[in-house]
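First the structure, in the form of C-alpha cells, and then the observations on it.
Quick note: the coordinates plus some simple rules give every number you see, no bench work behind them. Note that the structure is predicted; figures quoted are calculated from it, not measured. As a convention, Cβ positions derive from the backbone with ideal geometry for all residues, glycine included, and neighbour counts pool all protein chains shown.
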Amino acid sequence: MKIYHNPRCSKSRQGLQILKDAQVEFEIVDYLKNPPSEEEIKEILNKLKIPPLALVRKSEQIWKDEFKHKSMSDQDIIKAMHNHPKLIERPIVVKGNMAVIGRPPENIKQLI
C-alpha cells in the first residue's frame, strides 16, 4: 500500500491515521517533495478510473492563474500535475491495481 501524502493537509493526515490505526503496511510518499512522474500519474489515474482533470485541485491559485482558461489535453494536465504537484488531489492511497482519493478520508477504508 502507498499513500501520496501532504503533511500540511488535514484530510491527508486523517487518511494517514486511518492506515496507522488499521495496522497495515504502507509507504508514505510526500509527493510535494518527490513528485510522481508523468507515467506514475497515468498509472494512478488508471487505478482511480478517472480522467486527469478529476484529479486536479481546481481551487489552487496556480490552476486559476495558469491553466483554468486554457484548452488542455489530458497529457497537458498530467504534465501540469507533475510540474506543480500541489495541483494533485490528496491524499491518494494505492493498493495493487486499485486506488482511492481520501476525500472523505473514510474512502481509504475501501482498500483495507
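Before moving on, here are some points about what is shown:
- Formal net charge of residues neighbouring Ile78 (Cβ-Cβ distance under 12 Å; K, R +1; D, E -1): -4
- Dipole magnitude (debye, nearest 20) for the chain, charges at Cβ of Lys, Arg, Asp, Glu: 380
- Put simply, the amide H of Tyr31, placed in the peptide plane, has neighbours under 5 Å in His5, leaving out anything fewer than 5 places away on its chain.
- Using R0 = 35 Å, the C-beta based FRET efficiency linking Ser73 and Lys109 works out to 0.55.
- Placing a label point 7 Å from the Cα of Lys86 along the Cα-to-Cβ line, the residues of the stretch 15-37 whose backbone N sits under 14 Å from it are 32-33.
- Label-point separation in nm, Ser10 to Asn46, each point 7 Å along Cα→Cβ: 3.7
- Cα pair distances of the chain binned at 10 Å [whole percent]: 15, 49, 30, 6, 0
- 5 angstrom amide H check on Arg57, placed H, neighbours 5+ away: Ile88, Glu89
- The chain: most fluctuating residue of Val94, Val24, Val56 per GNM, C-alpha cutoff 10 Å: Val24
- The trypsin sites (Lys or Arg not before Pro) of the stretch 1-69 meeting both criteria, a DSSP state outside H, G, I, E and B (loop) and at most 13 other C-beta atoms within 10 angstrom of the site's C-beta, are Arg8, Lys33, Lys49, Lys58, Lys68.
- Which listed pairs, of Lys33/Lys70; Lys2/Lys70; Lys11/Lys33; Lys20/Lys49; Lys33/Lys109, have C-alpha distances above 23 Å, in listed order: Lys33/Lys70; Lys2/Lys70; Lys20/Lys49; Lys33/Lys109
- Using a Förster distance of 30 Å, the FRET efficiency for Ala22-Ala54 (Cβ separation, nearest 0.05): 0.70
- Residues of type aspartates and glutamates that Lys58 reaches as a straight line, Cα spacing below 18 Å, ignoring anything fewer than 8 places off in the same chain: Glu66, Asp74, Asp76, Glu89
- Of Asp74, Asp65, Asp30, the residue with the greatest mean-square motion in the GNM of the chain, using alpha carbon springs below 10 Å, is Asp65.
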